[in-house]
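Scroll down for the structure; my scribbles are underneath it.
Bear in mind these aren't lab numbers, they're just calculated from the coordinates by the rules spelled out. Small disclaimer: the values here were computed from a predicted structure and weren't measured. So basically every Cβ, Gly included, is an ideal-geometry build from the backbone, and we count neighbours across all protein chains shown.
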Amino acid sequence: DSGVTQTPKHLITATGQRVTLRCSPRSGDLSVYWYQQSLDQGLQFLIQYYNGEERAKGNILERFSAQQFPDLHSELNLSSLELGDSALYFCASKSHGTDTQYFGPGTRLTVL
Amino acid sequence: DAKTTQPTSMDCAEGRAANLPCNHSTISGNEYVYWYRQIHSQGPQYIIHGLKNNETNEMASLIITEDRKSSTLILPHATLRDTAVYYCIVRGADSSYKLIFGSGTRLLVRP
C-alpha cells in the first residue's frame, strides 16, 4: 500500500460525458502528479501540482483539467469524453526534497 | 530528458538473478537513472535510482557504467512476485521531477 488513494476504482461512462477522478496523496506530500496509461500510448505524464499550484504540464488535452485543493487532495476533470480516453489514470505523490513518487492504484475509465 | 532503450521482454528462473539492461547513451551529466516497475495493472512502484555510483537497496542493485551510457538493474534472487514490466527512466534535474516512461521490459520469472 503506497498511501496514495484514488477514487473511484472503476468508472464507466458514455461519450460526451464529464467525469471527475479524485486523488488523496500520502500524508504530508505536497506534490501530486497525474498519469494516463492507455494501450497504445503507454504511461504518459499529464500534469503536476505542488501545494495548490500547477508546476508542470505534459501531454494533457484541453478537455482535461486538474486542480489541487488546500487539503492537498487533487481532482482530474475529463470532459467531452471520447472513446480514446478509455485508460488507466494514475496519481502519484512526492514529498518535498525527495525523489521518489508513490503511485496510487489507479482509476480505470471506460468510455462507451 | 534522455531517451532509454530496453529489451522488450526477458525471462529468468525463480531464485536466480535477473539482470535488466538499459541503454541511455544520450544521458547528460545532471540526469539521474530511475527504475520503476509495474505489476500487472497496479500503480508503478519505485525500485531504485542513481546518478553515477552503483546503488543497492533492499529490493535491487543498480550498476551504472563509468561513461553513464548504460545501466543494469539486478534483482539478486528473483521470485514469481517480481514478474512485472520494468521501466528505466532518465530524469533531468528540473524542479518538476516528472517521469517520462518508455515501453519498459516485461520480465517473466519462471518457476
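Quick notes
- Residue match in segment B:30-50 (condition: of a type in the set (S, T, N, Q), surrounded by fewer than 16 Cβ atoms within 10 Å (Cβ to Cβ) and away from chain A (no Cβ under 11 Å)): yes
- Number of the condition not met by A:Leu112 [criteria: (1) touching a residue at least 60 places away in the same chain (Cβ under 8 Å); (2) more than 13 Å from every other protein chain (Cβ to nearest Cβ); (3) of a type outside the set (Ser, Thr, Tyr); (4) in contact with a Lys or Arg (Cβ under 9 Å, 6 or more places away or on another chain)]: (4)
- Considering each residue of segment A:19-31 in turn, at least one proves to be more than 14 Å from chain B (Cβ to nearest Cβ), β-branched (Val, Ile, Thr) and touching a strand residue (DSSP E or B) at 6+ places or on another chain (Cβ under 6 Å).
- For the criterion of being in a strand (DSSP E or B), under 15 Å from the mean Cα position of the chain (by Cα) and of a type in the set (A, V, I, L, M), B:Ile100 fails.
- Strands (runs of 3 or more DSSP E) fully within chain A that include at least 1 residues being of a type in the set (A, V, I, L, M, F, W, C): A:10-13, A:19-24, A:31-38, A:42-50, A:53-57, A:64-68, A:74-78, A:87-94, A:107-111.
- Listed by first and then second residue, the pairs with beta-carbon distance under 6 Å, at least 6 apart or on different chains, first residue in segment A:50-74 and within 13 Å of chain B (Cβ to nearest Cβ), second hydroxyl-bearing (Ser, Thr, Tyr) and part of a loop (DSSP other than H, G, I, E, B), are A:Arg55/B:Ser96; A:Ala56/B:Ser96.
- Candidate set from segment B:15-29 (those that are over 23 Å from B:Arg110 (Cα atoms) and of a type outside the set (A, V, I, L, M)); member that is farthest from the other protein chains (Cβ to nearest Cβ): B:Ser25
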